[in-house]
Amino acid sequence: MTAYKFIETSVDQQIGMIELNRPKQLNSLNRYMVGEILEALQAFDRNEEVRVILLVGKGKAFSAGADIEEMAGADSMSLELLNQFADWDQIPLIKKPIIGAVHGFVFGGGFELALCCDVLLAADGTEFAFPEVTLGVMPGAGGTQRLTKLVGRAKAIEWLWTGERIIANELQKYGVINRIVSPELLREEAFRFANKIASMPPLAIRMIKDSVNKAVDYPLYEGMQYERKNFYLLFSSEDQKEGMQAFVEKRKPVYKGK
Amino acid sequence: MSETIQYEVKDSIAWLTLNRPDKLNAFVAQMNHEIKDALRMASKDDNVRCIVVTGAGRAFCSGQDLSEVDEQMDHGQVLRDHYGPMILEIKKLEKPIIAAVNGVAAGAGFSLALACDFRLMSEKASYINAFIHVGLIPDSGNLFYLSQLVGTAKAAEISILGEKITATQALDLGLATKVYSQEDFEVEVKAFAKGIAMKPTKAIGLIKRGLNDVQTLPFEEYLQREAESQRIAGLTEDHVEGIEAFKNKRSPEFIGK
């Protein structure tokens, strides 16, 4: 496995885990690190041994945000030329399920990274925030867009304007978090959930992710057409034959991801 | 260093003594914050397995120091800035906390006692929900805890009539865990705290978590969290020790982990 500088990766029982590993800086995201995260996601996406990707943070926090020092001296043109968000743009192209398990602080860029996950688990008491406004800027890696699509305009604009901390319970009410778990068991519960998804037929999981994401962007009619094509597509898979055969024969199906 | 309180850790017990005896340990903003900081310290200190809050001199705590109150004061802001964070720190505490009510606990002093897990009272001690006498409402979580402890009807009586509650009455109402004679008070409090400190601390923390969950979660989610907590408790050394001791018919020696 590739050696990374700011993250660690491992594969265990079809689950590919990415651990943010800059604990002293509370996993604040520098550009190189985002590049590594993308690289690891892409590698897992291609890796046949991996069915589900799990994203976690080492140490006290998932991620306290972007590396401010790295950005402090930037000007508009240097940012345009650097095109740093191109890496972020590629995260939604990952086809396999990404499960985020967050704890401690999930701020700014860390929050944006969490919002890139398909399923989000949070340790009880986890604090989220978009504090960019307090630095005279705003989120730049999808924060204003993803948050608004998830929670609606009213709350999104309040949280983005005030930069205030949002406790996991509050975010769960708005549908940002799937489950809140005991802090001590975050990893264990995340693995349990990841295992559940990994035991499902991978192609169906993949097409569902693809279709659900289209629901966010497409008008309903186009989304329905898109869904239908994916539905038909799955009838070319061995897993569909196996799944339906097993149902008829009243036995447990064995899925191969083919 | 703290000026309005004393903080000392001894034999796994953190003693937090309100220390403005000439003012009957009345709250000033600094004291709110020193209590909060001391609780945070106790929470992080692995050597601490029990916290005791008590008052120096003849009172437990007489509530807000009225010399700090003037017409300009925004009472809401005082709660948000000073009392709220202190009470929230107690709520978040996953270690047992005992109020050793050595004397009168009035107003926010009563609230402080209510926020603790246990209330040990001296026979000479008393409560008074004094807020009504100055045209205010019981604050610092007072009505929240009080209504849970005694029910809505009694909470209304205590808060609206504002009458003194003696230690004996407190015991009947469920507002005291134990009442001790004045001369035995210190010794008995120490013994009680020691007993608590020797229990499986992690399990106590998880029980407190569960009691909070009862108030905030729907039943099915509560059961989910209960399973998680029992999983955590099942992984503690104290659980292993408890089972071992039971099998070998000896008393367990818990280490709090």
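The values are calculated or read from the model by the stated rules, or taken from the named source; none is laboratory data. For clarity, every value in this text was computed on a predicted model and none was experimentally measured. Reconstructed Cβ throughout: ideal geometry from the backbone, glycine too, with neighbour counts over all protein chains shown. Only protein heavy atoms, including side chains, enter the accessible area calculation; ligands, DNA and RNA are left aside. Shrake-Rupley method; radii C 1.70, N 1.55, O 1.52, S 1.80 Å.
Please give the calculated 222 nm ellipticity per residue for chain B, where each DSSP H segment of at least 4 residues contributes -39500 (n - 2.57) and the sum is spread over every residue; nearest 500 deg cm²/dmol? Mind dumping the intermediate values first?
Numbers: 11 runs with 119 residues, N = 257.
Result for chain B: -14000 deg cm²/dmol, rounded to the nearest 500.
With the cut-off at 25 Å, tell me which of the pairs A:K149/A:K256; A:K24/A:K209; B:K92/B:K199 have Cα atoms farther apart than that.
On the way: A:K149/A:K256 34 Å; A:K24/A:K209 34 Å; B:K92/B:K199 19 Å.
Table pairs above 25 Å Cα-Cα are A:K149/A:K256; A:K24/A:K209.
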Practice item. Please calculate the 1.4 Å probe accessible area of B:H133, with all protein chains present, and give it to the nearest 10 Å². Key: 120 Å²
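Which peptide among B:92-103, A:91-102 comes first, and what is the full order, when sorted by highest mean count of other Cβ atoms within 10 Å? Could the numbers behind the result be given before it?
Numbers: B:92-103: 23.1, A:91-102: 20.3.
Descending mean neighbour count gives B:92-103, A:91-102.
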Review point. Given the protein chains as shown and a 1.4 Å probe, how many square angstrom of A:V50 are accessible, to the nearest 10?
Key: 0 Å²
Practice item. Please list the radius of gyration and Dmax for the stretch A:58-103, considering alpha-carbon atoms only, with Å as the unit. Key: 14.4, 37
**Study point:** Neighbouring partner chain Cβ atoms per residue of A:179-186, average, 10 Å criterion
**Key:** 4
Check your understanding: In a Debye calculation with equal point scatterers on the alpha-carbon sites of the stretch B:130-257 and no solvent, what is log10 I(q)/I(0) at q = 0.12 Å⁻¹?
Key -> -0.74
Revision key, fill the gap. Taking the alpha-carbon centre of each part, the distance from the stretch A:216-258 to the stretch A:1-55 in Å is 29 Å
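Which whole number gives the average, over all residues in B:229-237, of C-beta atoms from other chains lying within 10 Å of the residue C-beta? Write down the numbers at each step before the final one.
Values: counts 3, 0, 5, 5, 1, 0, 3, 0, 0.
That works out to 2 on average.
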Practice item. Assuming a ≥ b ≥ c are the square roots of the Cα gyration tensor eigenvalues, decide whether the stretch A:7-198 counts as rounded (a/c under 1.5), prolate (otherwise, with a/b larger than b/c) or oblate. Key: oblate
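Considering only the protein assembly as shown, what is the antiparallel percent among its DSSP beta bridges, to the nearest 5? Before the final figure, lay out the partial values.
Details: 16 of 60 bridges.
The answer is about 25 percent antiparallel.
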Practice item. Just report the Cα centroid separation between the stretch B:48-111 and the stretch A:103-165, whole Å. Key: 35 Å
**Study point:** Taking only Cα atoms of chain B, radius of gyration then Dmax in Å
**Key:** 18.8, 67
Study note, to complete from the structure: Plugging the Cβ-Cβ distance of A:Q172 and A:V11 into 1/(1 + (r/R0)^6) at R0 = 35 Å yields, to the nearest 0.05, a FRET efficiency of 0.75
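For the stretch B:201-247, give the percent of accessible area contributed by carbon and sulfur heavy atoms, probe 1.4 Å, rounded to a whole number.
On the way: 1800 of 2890 Å².
Exposed carbon and sulfur together represent 62 percent of the surface.
Rounded to the nearest 20 debye, what is the charge dipole size of the stretch A:7-198 about its Cα centre when +1 sits on each Lys and Arg Cβ and -1 on each Asp and Glu Cβ?
Details: 19 positive and 26 negative charges, 125 e Å.
The calculation lands at about 600 debye.
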Revision key, fill the gap. With label points set 7 Å from each Cα along the Cα-to-Cβ direction at B:I132 and B:V9, the distance between them in nm comes to 4.3 nm
Exercise for review: With label points built 7 Å along Cα→Cβ from the Cα atoms of A:Q90 and A:E70, find their separation and express it in nm.
Suggested key: 1.5 nm
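Using a 1.4 angstrom probe on the protein heavy atoms only, line up A:T148, B:T4 by accessible area, largest first. Provide the component values of the computation, followed by the final result.
Numbers: A:T148 50, B:T4 10 Å².
From most exposed to least exposed: A:T148, B:T4.
Please work out how much length the chain gains when fully extended from B:L235 to B:L66, using 0.36 nm per residue of separation minus the C-alpha to C-alpha distance, in nm with one decimal. Can you show the working numbers first?
Details: separation 169, 0.36 × 169 = 60.84 nm, distance 4.94 nm.
Full extension of this stretch gives 55.9 nm more.
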Check your understanding: Picking from B:S67, B:S111, B:S43, which is most flexible by a Gaussian network model of chain B using Cα springs under 10 Å?
Key -> B:S67
Practice item. Quote the accessible area belonging to B:F192 in square angstrom, nearest 10, computed with a 1.4 Å probe and with ligands, DNA and RNA left uncounted. Key: 40 Å²
Point to revise | Alpha carbon convex hull of the stretch A:202-249, projected area averaged over orientations, nm² | key: 3.4 nm²
Study note, to complete from the structure: Expressed to two decimals, the stretch A:32-73 has a Cα Rg over Rh, using the Kirkwood radius, of 1.09
Practice item. Assuming R0 = 35 Å, can you tell me the calculated FRET efficiency for the pair A:L135 and A:N47, based on Cβ-Cβ distance, to the nearest 0.05? Key: 0.40
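Please compute the contact order of chain B in relative form: average sequence separation of alpha-carbon pairs under 8 Å and at least six residues apart, divided by the residue count, as a percent. Please report the intermediate quantities before stating the final value.
Numbers: 456 pairs, mean separation 41.1, N = 257.
Once divided by the residue count of chain B, the mean separation gives 16 percent.
To the nearest 20 debye, what charge dipole does the stretch B:201-247 have about its Cα centre, counting +1 at the Cβ of each Lys and Arg and -1 at the Cβ of each Asp and Glu? Mind showing how you got there, number by number?
Values: 6 positive and 9 negative charges, 19 e Å.
Dipole size: approximately 100 debye.
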Review point. Buried accessible area for the B:A pair, summed, 1.4 Å probe, in Å² rounded to 100?
Key: 800 Å²
Revision key, fill the gap. Nearest-0.05 FRET efficiency for A:A3 and B:K92 at R0 = 35 Å, using Cβ-Cβ distance, is 0.30
Review point. Among A:E127, A:E36, A:E158, which one shows the biggest mean-square fluctuation in a GNM of chain A, springs joining Cα atoms closer than 10 Å?
Key: A:E158
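How large is the dipole of the protein assembly as shown about the Cα centre if only Lys and Arg carry +1 and Asp and Glu carry -1, each at its Cβ, rounded to the nearest 20 debye?
Values: 60 positive and 70 negative charges, 355 e Å.
Roughly 1700 debye, rounded to the nearest 20.
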Study note, to complete from the structure: Given 10 °C, 1.306 mPa s and a Kirkwood radius over Cα pairs, the Stokes-Einstein diffusion coefficient of the protein assembly as shown in µm²/s is 60 µm²/s
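With each run of n ≥ 4 DSSP H residues scored as -39500 (n - 2.57), what mean residue ellipticity at 222 nm is computed for chain A after dividing by its residue count and rounding to the nearest 500 deg cm²/dmol? Kindly include the intermediate steps, with their values, before the conclusion.
Values: 12 runs with 122 residues, N = 258.
Value at 222 nm, helices only, nearest 500: -14000 deg cm²/dmol.
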Revision key, fill the gap. Hydrodynamic radius by Kirkwood for the stretch B:161-200, inverse mean 1/r across distinct Cα pairs, in Å, is 11.7 Å
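Starting from the Cα gyration tensor of the stretch B:201-247, multiply each eigenvalue by 5, take the square root, and state the resulting semi-axes largest first in whole Å. Don't skip to the end; give the middle numbers.
Numbers: eigenvalues 117, 21, 10 Å².
In descending order the semi-axes read 24, 10, 7 Å.
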